[in-house]
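Peer 1: Before I ask anything, let me first share the structure, which is written out below as structure tokens.
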Amino acid sequence: AGNALDQRLKYMFCKLISAIPCRSQPLVLVLDDLQWADEMTLGVIRMLMTDPEIHHFLLLGCYRENEVNDSHMLSTSLNVIREQGINIMTIKVGAIEKESTNALISDVMCLPPNLCRPLSNVVHRKTGGIIMFVLRLLASLNDEELIWYSIKSRRWMFDLQKIELKEMSEDVVKHMTEHMSRLPKKMQMGLKLCACLGPKFDTAIVEKVQRGANIGDNFLESCVDDGFLQIKGDSGFYTWAHDQVQQAAYELIPLQQREKFHLLIGSRLFLSTSSAEIDKFIFYIVDNMNRGVTLVNNPQQKYEMAELNLRAGEKILERHSFQSSVKYLMAGIALLENDSWEKKYGLTIRLHDAASEALCATGDFPKLTALAEKPLIYARCFQDKLNIYNNLVRALSSSGENEECISRCVSVLSQLGEFLPKHITPDIYREEVAKVKQALIGQSKQDLLSLPVMTEAKKLTAMRFLNHMLMATYSTNPPLNLLVVFRMVRMTVEFGVCSISAIAFSCYGAWLASSLNDDYDNALTMGRVASDLMKKLGSVEILPRVHAVVYGMINIYKEPWQASLCKHSEAFDAGLMFGDMEYAVSNIAFYHTLALFGCGSNLQESSHSLQKHIKRGLQYNQLIMVKTMAVYEQMTFDLMGLKKNAYDSHFGGWSEDAVLDFAMKNKITNLSRGLYQKIRYVKYMCGDMDAAAKHYDLQQELYANCAGQATNGRTVFFFITTFIDGL
């Protein structure tokens, strides 16, 4: 999944940064032009600044204040960082002072400061002390011979009176544009063309785009000499000396002609590029054509542009640059005619397929839901709808719309030949239990590990959608969750194994160990089958999910609880590595459950560790599990007799009552049950048995309202509180 890849990249970058600095050799990272930073870059910055493992590190970020308002992405990111308790110092960098301007001119002209003061005063007044403006003005005055080198006097001279009278724009871009407008026509045309190519380009693209336009033989060299462009080593790539130089060159194009100019460049590039090298220039072509799209009315040309946008979108999707791919793919969809589902079906379905993938990766679920409507109506066959369905149910699950996610999955599975009942009666439940047990009769651990690999495409797809349901039904519909597990196990035995089979066996083992069965030996066997199968298939990306169930709900019945701590810690690191943030944080929550309730860990050490892991969970927006860990942190405070509020320190203004109210209103029964159990545990440890009994009665009401919730598996927390409940 795209989100997982993004998170993996961020995590690995943070690990790299954390490995470099130390107390004696701190690290400073400087990032310029943050006003243009995309969401991914800002996400990396947020993680760097809030990562509890990064020390001796300073980030300096520069941005233009006039381009960043309160609703800008950068402002939002800075506010999030501040809310995490990170100190941000704002330093406003203004124009240089008169003395600095005088020192600069004195140095450039090799004259004593007192002789340059009259000139520097005029220059500072006309430029406002903006350094780039100062340098441009000095170059302009030299070109106009208002500053010149006198051979006779052997020094630089200047005509102060004429400089005083010189009229200047207050805008540095406008001033540079005026300067460029006095250049030869060939030079101006070249600057216009290059301004449309973006911040970076090579000689090959300039040669293509200048065909039919006379810009001279030494245009690029002249631009370097004049300070407009810079060449990057021997790579043949050129960049603008500053983004405002590019903007000044772009201003040479009259506003009313810009769309036409872009379309001309894009079309010229497209027509002069062979099919073999189209991928090399695809972004130059598409970027310029899209800027002139309003001038295209011919349906055939629109379809050609849509095809190019699809090509660009798919190419950049392969690089996991999801935000950029959304831009191209949505532009391609906007170019389609109303009858495209009939006349250009292949192009239309591919655009919608790729766009749904990119939107799911970026987390833009409302736009994805709207996009999915047409392909689910107009796609010619069920097979063409599958990828759209897959991305849609992922989006629904991630946004917490579990009921809709389950409904969609049930519908898809029925078309794949896997029917699940909507209402589960005791008879249906007993029938499904009998079927799965029948399928497993005579199947030893070695037999299950020796099953062939699942190859039938329809069954692999069904397993994928059952896996989506597994997560959505766990808290929303526990009885259906069990049926999903049973079906996955039966399909594995009948059609072969896949990576999801390991998850299925682990969940089946948790069910065997639950209060419905108390079959601990067979549960342990299933847990080992899940772990060994995962290793055999090399499916390390599912390690966090398998470990959460095996070591959090199965092995605790047969092995020392301390033995599971390192496994949960390993799963936490693996989850961060592979971008499975949900199960990474779930495993670290299991770790603290075991450490606190089963292994007698030091309260002060647990408190510090919880603070670090809560910060990590907040980084990845895993709010439910973070609140669960905050309950544990508050418990350490209570047991140590500290008058601290863990909820307020992490969520700002929250209390224990607020967390309980939140859990009850949103029907997050795992959180509300855990909070009741924590309160009973603390009351018991403090000797207040009456208060503990009161909360026992409250929890019994909660269990009555969510029957079956605890049948999917039990953790160490369950045993400790059961002991207290018995007292």
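The values are calculated or read from the model by the stated rules, or taken from the named source; none is laboratory data. For clarity, every value in this text was computed on a predicted model and none was experimentally measured. For neighbour counting, all protein chains shown are included, and Cβ atoms are generated from backbone atoms with ideal geometry for every residue, glycine included. With ligands, DNA and RNA removed, areas are computed over all heavy atoms of the protein, side chains included. Shrake-Rupley method; radii C 1.70, N 1.55, O 1.52, S 1.80 Å.
Peer 1: Please determine whether any residue of region 481-491 is open to solvent by 30 Å² or more (accessible area, probe 1.4 Å), assigned to a helix (DSSP H, G or I), more than 29 Å from GLU582 (Cα to Cα) and in contact with a helix residue (DSSP H, G or I) (Cβ under 8 Å, 6 or more places away or on another chain).
Peer 2: The answer is no, given that none of the residues of region 481-491 is open to solvent by 30 Å² or more (accessible area, probe 1.4 Å), assigned to a helix (DSSP H, G or I), more than 29 Å from GLU582 (Cα to Cα) and in contact with a helix residue (DSSP H, G or I) (Cβ under 8 Å, 6 or more places away or on another chain).
Peer 1: Does any residue of region 244-259 turn out to be open to solvent by 20 Å² or more (accessible area, probe 1.4 Å), over 23 Å from GLU337 (Cβ atoms) and touching a strand residue (DSSP E or B) at 6+ places or on another chain (Cβ under 6 Å)?
Peer 2: Yes, region 244-259 contains at least one residue that is open to solvent by 20 Å² or more (accessible area, probe 1.4 Å), over 23 Å from GLU337 (Cβ atoms) and touching a strand residue (DSSP E or B) at 6+ places or on another chain (Cβ under 6 Å).
Peer 1: Tell me which helices (runs of 4 or more DSSP H) are completely within region 130-243 and hold 1 or more residues being hydroxyl-bearing (Ser, Thr, Tyr) and either closer than 29 Å to VAL93 by Cα or open to solvent by 20 Å² or more (accessible area, probe 1.4 Å) (or both), or say none if there are none. Even if it seems obvious, please write down each step before you answer.
Peer 2: Numbers: elements: 131-143, 160-165, 172-180, 185-195, 203-209, 219-225.
Per the criteria, 131-143, 172-180, 203-209, 219-225.
Peer 1: Out of LYS678, LYS612, report the one residue that is in a helix (DSSP H, G or I) and crowded, with 18+ Cβ neighbours inside 10 Å.
Peer 2: Values: LYS612 fails: crowded, with 18+ Cβ neighbours inside 10 Å.
Testing whether each residue is in a helix (DSSP H, G or I) and crowded, with 18+ Cβ neighbours inside 10 Å leaves just LYS678.
Peer 1: Going by what's in this entry, would THR273 be described as in a strand (DSSP E or B), under 19 Å from GLN210 (Cα atoms) and touching a residue at least 40 places away in the same chain (Cβ under 8 Å)? Show your work before the answer.
Peer 2: Details: in a strand (DSSP E or B): no; under 19 Å from GLN210 (Cα atoms): yes; touching a residue at least 40 places away in the same chain (Cβ under 8 Å): yes.
In short, no.
Peer 1: Against the definition (open to solvent by 10 Å² or more (accessible area, probe 1.4 Å) and either in contact with an Asp or Glu (Cβ under 7 Å, 6 or more places away or on another chain) or not aromatic (Phe, Trp, Tyr) (or both)), how does MET463 come out, yes or no? Please lay out each step first, then the result.
Peer 2: Working: open to solvent by 10 Å² or more (accessible area, probe 1.4 Å): no; either in contact with an Asp or Glu (Cβ under 7 Å, 6 or more places away or on another chain) or not aromatic (Phe, Trp, Tyr) (or both): yes.
Against the criterion (open to solvent by 10 Å² or more (accessible area, probe 1.4 Å) and either in contact with an Asp or Glu (Cβ under 7 Å, 6 or more places away or on another chain) or not aromatic (Phe, Trp, Tyr) (or both)), MET463 does not qualify.
Peer 1: Restricted to region 307-351, and to residues that are in contact with a helix residue (DSSP H, G or I) (Cβ under 7 Å, 6 or more places away or on another chain) and not in a helix (DSSP H, G or I), which residue is most open to solvent (accessible area, probe 1.4 Å)? Break it down stepwise before answering.
Peer 2: As a first pass, look at region 307-351 and keep what is in contact with a helix residue (DSSP H, G or I) (Cβ under 7 Å, 6 or more places away or on another chain): 307-317, 320, 322-326, 328-333, 335-337, 340-341, 344, 347-351.
Next cut, not in a helix (DSSP H, G or I) only: 320, 335-337, 344.
Working: HIS320: 88, LEU335: 10, LEU336: 26, GLU337: 58, LYS344: 71 Å².
Looking at the filtered set, the residue picked out is HIS320.
Peer 1: If you don't mind, another one. Among VAL485, VAL549, which is under 29 Å from LEU565 (Cα atoms), in contact with a Gly (Cβ under 9 Å, 6 or more places away or on another chain) and among the hydrophobic types (A, V, I, L, M, F, W, C)? Working first, answer last.
Peer 2: Working: VAL485 fails: in contact with a Gly (Cβ under 9 Å, 6 or more places away or on another chain).
VAL549 is the lone residue from the list that is under 29 Å from LEU565 (Cα atoms), in contact with a Gly (Cβ under 9 Å, 6 or more places away or on another chain) and among the hydrophobic types (A, V, I, L, M, F, W, C).
Peer 1: Just give me the residues in region 555-606 being closer than 26 Å to LEU533 by Cα, in contact (Cβ under 8 Å) with a residue 60 or more places away in the chain, among the hydrophobic types (A, V, I, L, M, F, W, C) and open to solvent by less than 40 Å² (accessible area, probe 1.4 Å), in sequence order.
Peer 2: Those that are closer than 26 Å to LEU533 by Cα, in contact (Cβ under 8 Å) with a residue 60 or more places away in the chain, among the hydrophobic types (A, V, I, L, M, F, W, C) and open to solvent by less than 40 Å² (accessible area, probe 1.4 Å): ILE556, LEU576, MET581, PHE590, LEU594.
Peer 1: Oh, and also: Within the set of pairs 6+ apart or on separate chains, which have a first residue in region 364-388 that is free of Cβ contacts under 8 Å to residues at least 40 places away in the same chain and among the aromatic types (Phe, Trp, Tyr), a second that is open to solvent by 50 Å² or more (accessible area, probe 1.4 Å) and in a helix (DSSP H, G or I), and C-beta atoms under 9 Å apart?
Peer 2: Close Cβ pairs (under 9 Å, with a partner that is open to solvent by 50 Å² or more (accessible area, probe 1.4 Å) and in a helix (DSSP H, G or I)) amount to PHE365/SER398; TYR378/GLU342; PHE382/GLN415.
Residues are listed down the side, and each one gets a yes or a no for (1) over 19 Å from PHE382 (Cα atoms); (2) of a type outside the set (Asp, Glu); (3) touching a helix residue (DSSP H, G or I) at 6+ places or on another chain (Cβ under 7 Å); (4) outside any helix (DSSP H, G or I):
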| site | (1), (2), (3), (4) |
| --- | --- |
| CYS405 | no, yes, yes, no |
| LEU413 | no, yes, yes, no |
| ILE428 | yes, yes, no, no |
| GLU431 | yes, no, no, no |
| THR455 | yes, yes, no, yes |
| THR461 | no, yes, yes, no |
| MET469 | yes, yes, yes, no |
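Peer 1: Taking region 263-293, which residues are open to solvent by 20 Å² or more (accessible area, probe 1.4 Å) and more than 32 Å from the chain's Cα centre (by Cα)? If you could, list the steps in order and put the result at the bottom.
Peer 2: First, the residues of region 263-293 that are open to solvent by 20 Å² or more (accessible area, probe 1.4 Å): 263-264, 267-268, 270-272, 274-277, 279-280, 283-284, 287, 290-291, 293.
Selection gives LEU263, LEU264, SER267, ARG268, PHE270, LEU271, SER272, SER274, SER275, ALA276.
Peer 1: Taking THR425, is it β-branched (Val, Ile, Thr) and either out of contact with any Gly (no Cβ under 7 Å at 6 or more places or on another chain) or touching a residue at least 60 places away in the same chain (Cβ under 8 Å) (or both)? Show your work before the answer.
Peer 2: Details: β-branched (Val, Ile, Thr): yes; either out of contact with any Gly (no Cβ under 7 Å at 6 or more places or on another chain) or touching a residue at least 60 places away in the same chain (Cβ under 8 Å) (or both): yes.
In short, yes.
Peer 1: Scan region 637-656 and report the pairs whose first residue is under 19 Å from GLY85 (Cβ atoms) and in contact (Cβ under 8 Å) with a residue 60 or more places away in the chain and whose second residue is open to solvent by 50 Å² or more (accessible area, probe 1.4 Å) and in a helix (DSSP H, G or I), with Cβ atoms within less than 8 Å and a gap of 6+ or a chain change.
Peer 2: Pairs that qualify, where the first residue is under 19 Å from GLY85 (Cβ atoms) and in contact (Cβ under 8 Å) with a residue 60 or more places away in the chain and the partner is open to solvent by 50 Å² or more (accessible area, probe 1.4 Å) and in a helix (DSSP H, G or I), are GLY652/GLU83.
Peer 1: Among (1) open to solvent by 50 Å² or more (accessible area, probe 1.4 Å); (2) more than 16 Å from ILE424 (Cβ to Cβ); (3) not in a helix (DSSP H, G or I), which single condition is SER514 missing?
Peer 2: (1)
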